[in-house]
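Data block below; observations after.
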Protein chains: 2
Amino acid sequence: MSIQGRRERERAEREQLIVTAARELAEAEGWDAVTTRRLAAEIEYSQPVLYSHFKGKDAIMAAVAVQGFAEMAAELRAARAAVEGTRESLTAVAEAYTSFGRRRPALYDAMFTHRVDLPFATQEAPKALWAAFGELLQAVEPTVTGDDDPGTLTETFWAGLHGLVTLMRSGRLPEEAHETRLALLVGHFTTP
Amino acid sequence: MSIQGRRERERAEREQLIVTAARELAEAEGWDAVTTRRLAAEIEYSQPVLYSHFKGKDAIMAAVAVQGFAEMAAELRAARAAVEGTRESLTAVAEAYTSFGRRRPALYDAMFTHRVDLPFATQEAPKALWAAFGELLQAVEPTVTGDDDPGTLTETFWAGLHGLVTLMRSGRLPEEAHETRLALLVGHFTTP
DNA sequence: ACAGATTGGCTAGCACTGCTAGAATCCAGA
DNA sequence: TCTGGATTCTAGCAGTGCTAGCCAATCTGT
């Protein structure tokens with residue numbers, strides 16, 4: 001029992017090692033630099049070891065993404081907790097979201113841009129993902145008027161934030177007007 | 001004179017051949033299927049010929065993207081011309097935009113998702129790109145209230161549309177509520 | 001009409017990618 | 001101490017974008 005227990009523990013540790021190494025490498029040099037060879041060298045194991053833990057490179061990215069969801073949820077929660085009022089909450093969360101996307105581009109890509117076979121809008125979606133969405137939801141919900149569905153409204157607001165982040169990061173939107181655009185988005189989602 | 005003229009003409013024709021072949025292949029099987037070898041086979045030339053026309057694969061994608069901008073501009077213009085009223089225009093353009101993104105995913109990716117070194121928010125941006133943005137602008141402009149800058153407001157609205165398209169296409173948003181989300185977005189950008 | 005220069009396209013190959021089969025090694029249990 | 005089974009590694013496959021250098025067809029000047 002104990003021997004097998006130790007083995008499984010070591011295995012789990014190594015799996016974590018892979019994920020954090022992939023994440024650090026991606027954040028430092030972008031996902032293009034995260035090759036299986038490079039990653040294997042980083043964790044000081046041979047390449048095939050990666051495939052005994054993950055089905056492929058995409059699965060590793062997915063694991064990194066899940067880590068990212070948890071962190072983003074925490075940051076959104078902190079931002080919301082720091083202010084009061086519906087408009088202030090929405091602004092705070094929106095700023096926290098876009099700030100996360102700009103500060104951690106590689107992480108953000110793994111979470112929201114890269115094609116990855118994680119379940120999203122279903123029950124089986126990772127808990128951390130629901131947590132992040134829940135933070136957005138709690139900030140958006142108080143702005144609901146009429147019989148709009150809060151969930152759908154949150155999705156729409158989220159899409160706005162996501163569009164701002166990705167278009168800006170790929171050079172399609174100039175960085176300088178970011179604050180203005182964010183204010184406009186929040187303004188149009190909060191009836192005055 | 002005439003000989004050189006014919007040569008340049010043939011060259012231009014072959015360049016167009018490359019772009020349309022790349023586009024068709026991408027739309028049929030996705031950008032992953034567009035390899036330099038496959039593309040070369042499609043146009044019945046050898047691989048290196050591609051590099052005498054374009055700096056690399058990214059440059060080919062950029063050329064496809066520019067084609068896409070022109071088409072999108074035309075579709076947006078048609079959508080806007082078919083209706084009257086500010087809210088109706090905005091709805092029509094928004095629907096045309098997201099419809100384009102869903103109907104031509106590969107084209108859309110080349111235009112708005114793939115990292116490509118095209119100038120965007122500067123004077124040197126392709127004319128077709130300005131045309132597409134101009135269509136959005138003309139639909140958004142009438143909704144401006146106060147002293148908001150129409151250009152920045154259009155960028156924000158565009159971000160919303162882009163977010164909806166990309167998140168839905170990557171499976172992050174369920175398809176079924178798309179119409180509802182689109183209506184919500186338009187609704188929040190037109191004060192009743 | 002012919003020799004030489006030039007252009008253009010091709011063959012072959014480089015360095016790299018994600019991934020895997022099979023050999024080699026290690027290590028718990030007898 | 002030996003053995004069987006799991007684990008990890010070496011070596012290699014098929015594919016990628018891209019390029020050097022050869023070879024032939026074409027144009028130019030005599």
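Filter the range A:28-74 down to the residues that are among the charged types (D, E, K, R) and more than 16 Å from DNA strand D (Cβ to nearest atom), then identify the one that is nearest to the other protein chains (Cβ to nearest Cβ). Give the steps one after another, and end with the answer.
Taking the range A:28-74 first, the residues among the charged types (D, E, K, R) are A:29, A:32, A:37-38, A:42, A:44, A:55, A:57-58, A:71.
Among the residues that remain, those that are also more than 16 Å from DNA strand D (Cβ to nearest atom) are: A:29, A:58, A:71.
Details: A:Glu29: 15, A:Asp58: 13, A:Glu71: 18 Å.
Checked the range A:28-74; the qualifying residue nearest to the other protein chains (Cβ to nearest Cβ) is A:Asp58.
Yes/no per residue for (1) in contact with a Cys (Cβ under 6 Å, 6 or more places away or on another chain); (2) away from DNA strand C (no atom under 16 Å from the Cβ); (3) open to solvent by 50 Å² or more (accessible area, probe 1.4 Å):
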{"position": "B:Arg11", "(1), (2), (3)": "no, no, yes"}
{"position": "B:Arg37", "(1), (2), (3)": "no, no, yes"}
{"position": "B:Glu42", "(1), (2), (3)": "no, no, yes"}
{"position": "B:Tyr51", "(1), (2), (3)": "no, no, yes"}
{"position": "B:Ala63", "(1), (2), (3)": "no, yes, no"}
{"position": "B:Ala74", "(1), (2), (3)": "no, yes, yes"}
{"position": "B:Ala81", "(1), (2), (3)": "no, yes, yes"}
{"position": "B:Glu84", "(1), (2), (3)": "no, yes, yes"}
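Under 8 Å between Cβ atoms, which residue pairs at least 6 apart in sequence (or on different chains) link something in the range B:169-186 that is of a type outside the set (A, V, I, L, M) with a partner that is buried (at least 16 other Cβ atoms within 10 Å of the Cβ) and in a loop (DSSP other than H, G, I, E, B)?
Between residues of the range B:169-186 that are of a type outside the set (A, V, I, L, M) and residues that are buried (at least 16 other Cβ atoms within 10 Å of the Cβ) and in a loop (DSSP other than H, G, I, E, B), the close pairs are B:Gly171/A:Phe120; B:Gly171/A:Ala121; B:Arg172/A:Phe120; B:Arg172/A:Ala121; B:Pro174/A:Ala121; B:Arg181/B:Leu173.
Please list, ordered by first then second residue, the pairs with beta carbon atoms under 8 Å, 6 or more apart or interchain, first in the range A:45-64 and free of Cβ contacts under 8 Å to residues at least 24 places away in the same chain, second open to solvent by 50 Å² or more (accessible area, probe 1.4 Å) and within 9 Å of DNA strand C (Cβ to nearest atom).
A:Gln47/A:Arg37
Only one of these is of a type in the set (Ser, Thr, Tyr), open to solvent by 20 Å² or more (accessible area, probe 1.4 Å), modelled with pLDDT under 95 and over 29 Å from B:Val19 (Cβ atoms): B:Thr191, B:Thr180, B:Thr122. Name it. Outline the logic, then answer.
On the way: B:Thr180 fails: modelled with pLDDT under 95; B:Thr122 fails: over 29 Å from B:Val19 (Cβ atoms).
Selected residue: B:Thr191, the only one of B:Thr191, B:Thr180, B:Thr122 that is of a type in the set (Ser, Thr, Tyr), open to solvent by 20 Å² or more (accessible area, probe 1.4 Å), modelled with pLDDT under 95 and over 29 Å from B:Val19 (Cβ atoms).
Would you mind finding the one in B:Ala79, B:Ala33 that is assigned by TED's automatic domain parsing to the domain that holds B:Ala125 and of a type in the set (A, V, I, L, M)? Write out each step before concluding.
Working: B:Ala33 fails: assigned by TED's automatic domain parsing to the domain that holds B:Ala125.
Answer to the check: B:Ala79.
Which one of these does B:Ala59 not meet: (1) surrounded by fewer than 19 Cβ atoms within 10 Å (Cβ to Cβ); (2) modelled with pLDDT of 95 or more; (3) within 16 Å of DNA strand C (Cβ to nearest atom)?
Going through (1) surrounded by fewer than 19 Cβ atoms within 10 Å (Cβ to Cβ); (2) modelled with pLDDT of 95 or more; (3) within 16 Å of DNA strand C (Cβ to nearest atom) one by one, B:Ala59 breaks only (3).
Counting only residues that are of a type in the set (A, V, I, L, M) and closer than 30 Å to A:Leu129 by Cβ, which one in the range B:132-172 is surrounded by the most Cβ atoms within 10 Å (Cβ to Cβ)? Show your work before the answer.
Step one: filter the range B:132-172 for residues of a type in the set (A, V, I, L, M), giving B:132, B:136-137, B:139-140, B:144, B:153, B:159, B:161, B:164-165, B:167-168.
Right, trim to closer than 30 Å to A:Leu129 by Cβ and you get B:159, B:161, B:164-165, B:167-168.
On the way: B:Ala159: 26, B:Leu161: 24, B:Leu164: 28, B:Val165: 24, B:Leu167: 23, B:Met168: 21.
My answer is B:Leu164.
Please note which helices (runs of 4 or more DSSP H) are completely contained in the range A:1-117 and include at least 1 residues that are under 18 Å from the mean Cα position of the chain (by Cα).
Values: elements: A:2-29, A:36-43, A:47-53, A:57-81, A:86-103, A:105-108.
Here the list reads A:2-29, A:57-81, A:86-103, A:105-108.
Condition check: without any contact (Cβ under 8 Å) to a residue 40 or more places away in the chain and in the same structural domain as A:Gly68 (by TED's automatic domain parsing). Does A:Arg104 satisfy that? Please lay out each step first, then the result.
On the way: without any contact (Cβ under 8 Å) to a residue 40 or more places away in the chain: no; in the same structural domain as A:Gly68 (by TED's automatic domain parsing): yes.
Criteria not met by A:Arg104.
If you check A:Gly146, A:Gly160, A:Gly171, A:Gly151, which single one turns out to be more than 22 Å from A:Pro105 (Cα to Cα), at the interface with another protein chain (Cβ under 9 Å from one of its Cβ atoms) and not hydroxyl-bearing (Ser, Thr, Tyr)?
A:Gly151
Any chance you could count how many residues in the range A:174-192 are part of a loop (DSSP other than H, G, I, E, B) and facing another protein chain (nearest Cβ under 8 Å)?
Going residue by residue through the range A:174-192, those that are part of a loop (DSSP other than H, G, I, E, B) are A:174, A:190-192.
Within this subset, residues satisfying the condition of being facing another protein chain (nearest Cβ under 8 Å) are A:174.
Total satisfying the criteria: 1.
The values are calculated or read from the model by the stated rules, or taken from the named source; none is laboratory data. None of these values were measured; they are calculated from a predicted model. All Cβ positions, glycine included, derive from the backbone under ideal geometry; neighbour counts span all protein chains shown. Just so you know, the surface numbers come from the protein's heavy atoms only, side chains and all, with ligands and any DNA or RNA stripped out. Shrake-Rupley method; radii C 1.70, N 1.55, O 1.52, S 1.80 Å.
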